[in-house]
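K.L.:
The structure is given below, and queries will be raised subsequently.
The values are calculated or read from the model by the stated rules, or taken from the named source; none is laboratory data. What you see is a predicted model, and the numbers here were worked out from it, not measured in a lab. Note: ideal-geometry Cβ built from the backbone for every residue, glycine included; neighbour counts use all protein chains shown. With ligands, DNA and RNA removed, areas are computed over all heavy atoms of the protein, side chains included. Shrake-Rupley method; radii C 1.70, N 1.55, O 1.52, S 1.80 Å.
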There are 2 protein chains.
Amino acid sequence: MGQGHFADRLLETVERKRSHVVVGFDPDFALLPPALVDAHPPDRYVTEEERKVAAYREFLSPLAEALAAVAVAVKIQIAYFEALGSLGYRLYEELVGLCQELGYLVIADVKRGDIGSTAEAYAVAHLDKVGADAVTVNPYFGADGLEPFLRRARQDGKGLFVLVKTSNPGSADLQDQVLESGEPLYLRVAALVNKWGEATEGRLGYRTVGAVVGGTHPVQGEALRTAMPRVPFLVPGYGAQGATADAVARMFDAAGRGAVVNSARAILYAYRSRPGLGWLEAAVEEATAMKEALWRAAGRV
Amino acid sequence: MGQGHFADRLLETVERKRSHVVVGFDPDFALLPPALVDAHPPDRYVTEEERKVAAYREFLSPLAEALAAVAVAVKIQIAYFEALGSLGYRLYEELVGLCQELGYLVIADVKRGDIGSTAEAYAVAHLDKVGADAVTVNPYFGADGLEPFLRRARQDGKGLFVLVKTSNPGSADLQDQVLESGEPLYLRVAALVNKWGEATEGRLGYRTVGAVVGGTHPVQGEALRTAMPRVPFLVPGYGAQGATADAVARMFDAAGRGAVVNSARAILYAYRSRPGLGWLEAAVEEATAMKEALWRAAGRV
């Protein structure tokens with residue numbers, strides 16, 4: 001499949017850009033720069049969805065261009081696009097293509113999970129048609145529900161990130177349940193991720209079947225790094241959710257590799273805490289500061 | 001919220017139509033009636049997606065009309081619409097409205113789950129904007145990830161069905177993990193569903209926070225019925241996946257109420273096993289046979 005092994009592409013991009021930063025596209029109309037909102041007055045659009053889609057496009061397209069040297073990947077949170085209906089869905093499709101042209105890997109943050117035949121339709125939707133490089137998936141259905149994604153990760157150069165330990169407080173409700181073996185459920189899921197990704201290592205030693213491990217749980221994250229030594233981590237929770245560079249550094253391997261770290265709101269809306277800068281400049285400055293903090297915390301300087 | 005309590009509406013519709021049948025809209029182009037495919041030749045459309053969307057519309061709209069007297073709800077499996085991109089998404093939006101006009105309750109089978117802020121966007125998308133009566137949700141994120149759906153179930157007359165024990169074989173991987181208390185994880189999820197739905201009972205005694213319990217697991221289903229006495233069940237797995245009327249009857253309460261049962265492929269593509277009947281007639285015949293078998297199995301005749 002032309003494009004090559006997903007984890008190799010991810011790790012090579014990290015080295016080339018000297019960055020572990022993933023920028024999260026979580027557009028929120030209430031947080032857009034006021035000048036940009038003013039440039040899209042309601043009376044110019046037939047529906048509120050049209051208006052928001054136009055504003056999101058003019059917000060995210062220049063951001064994608066401006067951040068291309070700083071971030072290795074874009075994680076598109078599809079929920080914010082679905083909230084604008086089919087027009088929003090079309091913008092999601094557009095942005096995947098735009099970001100790939102700009103040299104990003106694109107992670108479609110869809111967190112889908114279903115029985116096998118339905119999961120196949122989701123894999124067609126997001127990996128084949130929309131053409132994202134990787135997707136996030138939910139493990140609750142078990143192996144057969146993930147098989148369509150796993151097949152594309154083994155054969156088509158695609159990647160997936162299985163939810164293991166999520167960044168939110170409520171993650172304890174299920175994920176921390178203690179099994180009769182004495183281990184928490186998330187470690188059992190980690191063992192399954194190891195099994196599902198067997199023999200998918202690329203040249204650089206990492207597998208195409210990755211894990212989502214919240215940066216807000218550094219102790220569990222360190223245990224999960226040990227439990228899944230060959231599994232690339234997608235680490236959400238940096239910035240607005242409170243995870244620091246030192247906390248997420250525990251999810252890197254001894255060489256400071258093997259994980260990428262997502263920040264959405266703190267980068268997108270950086271203009272709010274950096275008065276005097278334009279919103280694009282503020283986002284670049286925030287992402288650059290994050291990139292440097294992570295590179296240092298990874299012991300790479 | 002005008003439309004009233006979700007579980008009351010569901011149970012009243014069951015009584016009025018004397019049916020526990022939910023018809024699943026899982027369109028699969030390869031299984032469409034050949035005459036309908038022939039009526040949509042590729043050279044009439046610019047893209048394959050346009051062609052399939054047109055064929056799905058001409059398949060599902062008359063089916064919705066023909067089945068309105070037999071089925072209480074339509075469960076729209078969004079994956080098959082996402083697989084056709086933004087055009088497919090638009091058809092999903094259209095069908096929700098059409099089915100509601102025909103008197104169905106509409107369950108958007110989206111199985112979403114995410115952190116709170118993202119879950120809010122999903123709830124806006126599917127309950128507020130598309131306006132489905134209920135959604136299916138994934139419990140892996142825990143309480144805060146479900147809160148936006150729970151709020152709408154408490155305040156807006158909406159329903160939700162939390163995945164508890166799914167119909168696929170791989171459901172054992174996580175859902176059957178035995179906890180230190182000796183109970184399987186799915187029973188722990190059932191306890192959470194009880195907690196999340198507290199004090200949401202309607203006039204008829206059932207709550208707005210329901211559960212998905214696969215009809216392919218009758219023994220576990222019976223245990224789950226006992227564990228969640230006030231929780232409406234959405235039971236998939238009937239028909240093509242192998243669950244029988246007697247098996248799913250264990251998910252009804254003592255009065256033969258409290259559960260609705262989904263069948264998709266067996267109804268939609270009934271023409272394949274009923275030669276001599278048109279595809280609409282075959283679907284109605286299949287759904288009617290299912291309705292009668294379930295009514296009997298529920299001890300209602």
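K.L.:
So what is the diffusion coefficient of the protein assembly as shown in µm² per second by Stokes-Einstein at 25 °C and 0.890 mPa s, using a Kirkwood Rh over Cα pairs?
P.N.:
This corresponds to a translational diffusion coefficient of 100 µm²/s.
K.L.:
Mind checking the dipole of the stretch A:98-160: about its Cα centre, +1 per Lys or Arg Cβ, -1 per Asp or Glu Cβ, Debye to the nearest 20?
P.N.:
That gives the stretch A:98-160 a dipole magnitude of about 60 debye.
K.L.:
Could you tell me which of rounded, prolate or oblate describes the stretch A:221-267, using a ≥ b ≥ c as the square roots of the eigenvalues of the alpha-carbon gyration tensor, with rounded for a/c under 1.5 and, failing that, prolate when a/b is larger than b/c and oblate otherwise?
P.N.:
Verdict is prolate for the stretch A:221-267.
K.L.:
Ignoring everything except DSSP H segments at least 4 long, calculate the 222 nm mean residue ellipticity for chain A; use -39,500 (n - 2.57) per segment, divide by total residues, nearest 500.
P.N.:
Dividing the helical sum by the residues of chain A leaves -13000 deg cm²/dmol.
K.L.:
For chain A, take the longest principal axis of its alpha carbons; what is the angle in degrees between that and the long axis of helix A:218-227, to the nearest 10 within 0 to 90?
P.N.:
Approximately 50 degrees, to the nearest 10.
K.L.:
Which shape class applies to the stretch B:177-301: rounded if a/c is under 1.5, otherwise prolate when a/b exceeds b/c and oblate if not, where a ≥ b ≥ c are the square roots of the Cα gyration tensor eigenvalues?
P.N.:
Verdict is prolate for the stretch B:177-301.
K.L.:
In units of 2.2 N^0.38 Å, what is the alpha-carbon radius of gyration of the stretch B:94-141?
P.N.:
1.19
K.L.:
Specify which residue in the list A:Ala283, B:His40, A:Val21 is farthest towards the positive end of the charge dipole of the protein assembly as shown, using unit charges on the beta carbon of Lys, Arg (+1) and Asp, Glu (-1), about the Cα centre.
P.N.:
The Cα lying farthest towards the positive end belongs to A:Val21.
K.L.:
Taking 0.36 nm per residue of separation and subtracting the Cα-Cα distance, what length does fully extending B:Thr244 through B:Arg151 add?
P.N.:
Here the segment from B:Thr244 to B:Arg151 would lengthen by 30.0 nm.
K.L.:
If you line up the long axis of helix A:143-155 against the longest principal axis of chain A, both from Cα atoms, how many degrees apart are they, to the nearest 10?
P.N.:
The helix A:143-155 is inclined about 80 degrees to chain A.
K.L.:
Which of the residues in the stretch B:74-92 show a loss of at least 50 Å² in accessible area from their chain by itself to the complete set of protein chains, at a probe of 1.4 Å?
P.N.:
Residues passing the criterion (a loss of at least 50 Å², heavy atoms only) are B:Ala79, B:Tyr80, B:Glu82, B:Ala83, B:Ser86, B:Tyr89.
K.L.:
Still on this structure: Mean 1/r over all different Cα pairs, inverted: what Kirkwood radius does the stretch B:123-191 give, in Å?
P.N.:
With all distinct Cα pairs of the stretch B:123-191 included, I get 13.3 Å.
K.L.:
Measure up A:Lys195/B:Lys158; A:Lys52/B:Lys17; A:Lys291/B:Lys165; A:Lys17/A:Lys129 against 31 Å on the Cα-Cα distance and list the ones that go over.
P.N.:
Over 31 Å Cα-Cα: A:Lys195/B:Lys158; A:Lys52/B:Lys17; A:Lys291/B:Lys165.
K.L.:
On to the next question. GNM on chain A, C-alpha springs below 10 Å: top fluctuator among A:Leu185, A:Leu146, A:Leu224?
P.N.:
Answer for the Gaussian network model of chain A: A:Leu185.
K.L.:
Over the stretch B:227-301, average the accessible area per residue using a 1.4 Å probe and give it in Å², no decimals.
P.N.:
I get 41 Å² per residue for this part.
K.L.:
Would any residue of the stretch B:50-65 have its amide N under 18 Å from a label point 7 Å out along Cα→Cβ of B:Leu31? List them or say none.
P.N.:
Those under the cut-off are B:52-53, B:55-64.
K.L.:
Here is a further query. Ignoring solvent entirely, what values of log10 I(q)/I(0) come out of the Debye formula for the stretch A:5-102 at 0.10, 0.13 Å⁻¹ when each Cα is a single scatterer?
P.N.:
Each listed q maps to, in turn, -0.31, -0.50.
K.L.:
Charges at C-beta only: +1 for Lys and Arg, -1 for Asp and Glu. How large is the resulting dipole of the stretch B:162-241 about its Cα centre, in Debye rounded to 20?
P.N.:
340
K.L.:
Sticking with this one: Just to be sure I understand: if I project the alpha-carbon convex hull of chain B onto a plane and average over all orientations, what area do I get in nm²?
P.N.:
15.4
K.L.:
What is the Cα radius of gyration of the stretch A:49-130 over 2.2 N^0.38 Å, N being its residue count?
P.N.:
Dividing the Cα radius of gyration by 2.2 N^0.38 Å gives 1.13.
K.L.:
Here is a further query. Between A:Glu285 and A:Glu50, what length in nm is gained on full extension when 0.36 nm per residue of separation is reduced by their alpha carbon distance?
P.N.:
Taking 0.36 nm per residue and subtracting the Cα distance, the gain is 81.6 nm.
K.L.:
Give the carbon-plus-sulfur fraction of the accessible surface of the stretch A:1-156 in %, rounded to a whole number; probe 1.4 Å, heavy atoms of protein chains only.
P.N.:
Whole-percent figure for carbon plus sulfur exposure: 52.
K.L.:
Do me a favour and compute the ellipsoid semi-axes for the stretch B:189-233 from its Cα gyration tensor, root of five times each eigenvalue, largest one first, whole Å.
P.N.:
19, 11, 8
K.L.:
So what's the net charge close to A:Asp144: Lys and Arg +1, Asp and Glu -1, counting the other residues with Cβ under 13 Å from its Cβ?
P.N.:
With Lys, Arg at +1 and Asp, Glu at -1, the neighbours total -3.
K.L.:
Buried accessible area between B and A (1.4 Å probe, both chains summed, ligands and nucleic acids excluded), in Å² to the nearest 100?
P.N.:
4700
K.L.:
Just to check, using Stokes-Einstein with a Kirkwood Rh over alpha carbon pairs, what's the diffusion coefficient of the stretch A:148-251 at 4 °C and 1.567 mPa s in µm²/s?
P.N.:
Taking Rh from Cα pairs, D becomes 93 µm²/s.
K.L.:
Write out the GluC sites (Glu not before Pro) in the stretch A:112-209 meeting two conditions: DSSP loop, and at most 13 other Cβ atoms within 10 Å of their Cβ.
P.N.:
When the GluC sites (Glu not before Pro) of the stretch A:112-209 are filtered for loop state and at most 13 Cβ neighbours within 10 Å, A:Glu180, A:Glu198 remain.
K.L.:
Could you tally the net charge around A:Arg57, taking each other residue with its Cβ under 13 Å from the Cβ of A:Arg57, Lys/Arg +1 and Asp/Glu -1?
P.N.:
Neighbour charge sum, excluding A:Arg57 itself: -3.
K.L.:
If you don't mind, another one. Per residue of the stretch A:18-34, in order, report the coupling 6.51 cos²θ - 1.76 cosθ + 1.60 (Karplus, θ = phi - 60°) as ³J(HN,Hα) in whole Hz, putting x for Gly and Pro.
P.N.:
6, 8, 9, 7, 10, 9, x, 8, 10, x, 9, 4, 5, 10, 5, x, x
K.L.:
Counting Lys +1, Arg +1, Asp -1, Glu -1, what net charge surrounds A:Pro232 among other residues with beta carbon under 14 Å of its beta carbon?
P.N.:
+2
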